[in-house]
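Here is the structure we will look at, set down as structure tokens.
The values are calculated or read from the model by the stated rules, or taken from the named source; none is laboratory data. Remember, predicted model here, so these are calculated numbers, not experimental data. Backbone-built Cβ (ideal geometry, glycine too); neighbour counts: all protein chains shown. Surface accessibility is based on the protein's heavy atoms, side chains included, excluding ligands, DNA and RNA. Shrake-Rupley method; radii C 1.70, N 1.55, O 1.52, S 1.80 Å.
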Amino acid sequence: MSDFLNAYSIQTWLESCPQGYLMDTEYGHAADAREPDLVLENPVVRQEAIGTTVQLLVGERAALAASSGLINAAPDHPSKRFLATQTLDEARHVEIFTQRLYDLGVKKAELEDVIAAHASPHLVRFAEVLLEKVDKGDFVAGVVGQNIVLEGLAFSVFEMMHAGNVEANPKFAQTLAGTIADERRHVGFGENRIGSLIKQHPEKRPEIEQMQKDMSYHMLATFADRFRGQAAAMEESRRISRDAAAQRGEGAKSQQWHGTDLASADPAELEAVLADTVLKEFKIRLDRIGLEYQTPERP
Ligand SMILES: [Fe+2]
Ligand SMILES: [Fe+2]
């Protein structure tokens, strides 16, 4: 328990996060960093960036509601303190992705309308399945849903987006890098804290496994909404970005992520590599905490 106390203490959080990798950042990035001109000026690229950022924001609002809601349900004080740091991390993520929407030209008065227009209904449902557990004060299910499923999803999505933006958009890539570092800590807490609680409450396993299956289905359906439903706009945005890079005399750089070249893959291939990566991660992490991964329906 003492390693656990140290690793997830407020002191460790202060030293590694606000006094560490977030030092000298503003809204998660260097103060002078800006969105590339192409993203700000081309309507297709800008809309694509807004649509993607809205999904991140919806996920982070769910994480904020879940991590704050779990504080009072936590059975021990070290977990409460960790969840308090996580609550601030999630509130920061909500703030930086909201700020990115403003940076992309969304007016403050239109924020909620823009979110409602772009949010995948399946992502909204994904969050509801989790928050039903949190609202009941079900700590074990809530932590599995939040720190294993939601954050396992967020972690892989952010990593993939980071790989895709590290050359093209250093400002957004830096914002994502800080978020990834936070999510790594959150996922670690989920694995470390929840394994022993599952052993103490084996009767909860079927219900938690059903929640994982339901959340996984809504996650895959969210990917389908984006990569299939928005495939034409996504491809157009990518083509414009490639042409602009070529005009600047930059050749197409391959950007490998889990064996797929993000620069040349089509939306169907991107969807497949993301879904496979997240589901494999779920399986590994659930196995570590003593739960059996449930294969979701395929949308
Ligand atoms: Fe987050
Ligand atoms: Fe998180």
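For Lys204, which lysines qualify as cross-link partners when the Cα separation must be under 30 Å and same-chain residues fewer than eight apart are set aside?
Candidates past the 8-residue exclusion: Lys80, Lys133, Lys136, Lys213, Lys280, Lys283.
If I build a Gaussian network model for the chain, linking alpha-carbon pairs within less than 10 angstrom, which residue out of Leu123, Leu38, Leu64 has the largest mean-square fluctuation?
Leu38
So what is the accessible area of the chain per residue, in Å², with the probe set to 1.4 Å?
Value for the chain: 46 Å² per residue.
With helices defined as uninterrupted DSSP H runs, which ones in the chain have an alpha carbon span along their own long axis of at least 15 Å and mean Kyte-Doolittle hydropathy of at least -1.0?
43-71, 77-103, 121-135, 151-165, 170-200, 205-227, 231-247, 267-288
Go through the stretch 134-194 and name the trypsin sites (Lys or Arg not before Pro) that are in a DSSP coil and have 16 or fewer other Cβ atoms within 10 Å of their Cβ.
Taking the stretch 134-194 and a limit of 16 other Cβ atoms within 10 Å, the loop trypsin sites (Lys or Arg not before Pro) found are Lys136.
Just order 137-149, 48-60 by mean Cβ neighbour count inside 10 Å, highest at the front, would you?
137-149, 48-60
If eta is 0.692 mPa s and T is 37 °C, what Stokes-Einstein diffusion coefficient results for the chain, Kirkwood Rh from Cα pairs, in µm²/s?
In µm²/s, the coefficient is 166.
Would you work out which of Gly188, Pro206, His122 lies farthest towards the positive end of the dipole of the chain? Charges go on Cβ: Lys and Arg +1, Asp and Glu -1.
The residue sitting most towards the positive pole is Pro206.
I want to check the label-to-label distance for Ala109 and Ala246. Put each point 7 Å from Cα in the C-beta direction and report it in nm to one decimal.
For Ala109 paired with Ala246, the spin-label model returns 4.2 nm.
How much length would be gained if the chain were fully extended between Val124 and Asp3, taking 0.36 nm per residue of separation minus their Cα-Cα distance, in nm to one decimal?
39.9 nm
Determine the relative contact order of the chain: mean sequence separation of Cα pairs under 8 Å and six or more apart, normalised by residue count, in whole percent.
22
As I understand it, the dipole of the chain uses +1 on the Cβ of Lys and Arg and -1 on the Cβ of Asp and Glu, about the Cα centre. Which of Phe227, Ser68, Leu101 lies farthest toward its positive end?
Selected residue: Ser68.
Dipole magnitude of the stretch 93-226 about its Cα centre, charges +1 at Lys/Arg Cβ and -1 at Asp/Glu Cβ only, in debye to the nearest 20?
Values: 15 positive and 20 negative charges, 51 e Å.
I would put it at about 240 debye.
When the helix-only estimate is applied to the chain (DSSP H runs of n ≥ 4, each -39,500 (n - 2.57), divided by the residue count), what is the mean residue ellipticity at 222 nm, nearest 500 deg cm²/dmol?
Result for the chain: -23500 deg cm²/dmol, rounded to the nearest 500.
Quick one: putting +1 on the C-beta of Lys and Arg, -1 on the C-beta of Asp and Glu, what dipole do you get for the stretch 2-288 around its Cα centre, in Debye to the nearest 20? Provide the component values of the computation, followed by the final result.
Working: 31 positive and 44 negative charges, 103 e Å.
Charge dipole, the stretch 2-288, about its Cα centre: 500 debye, nearest 20.
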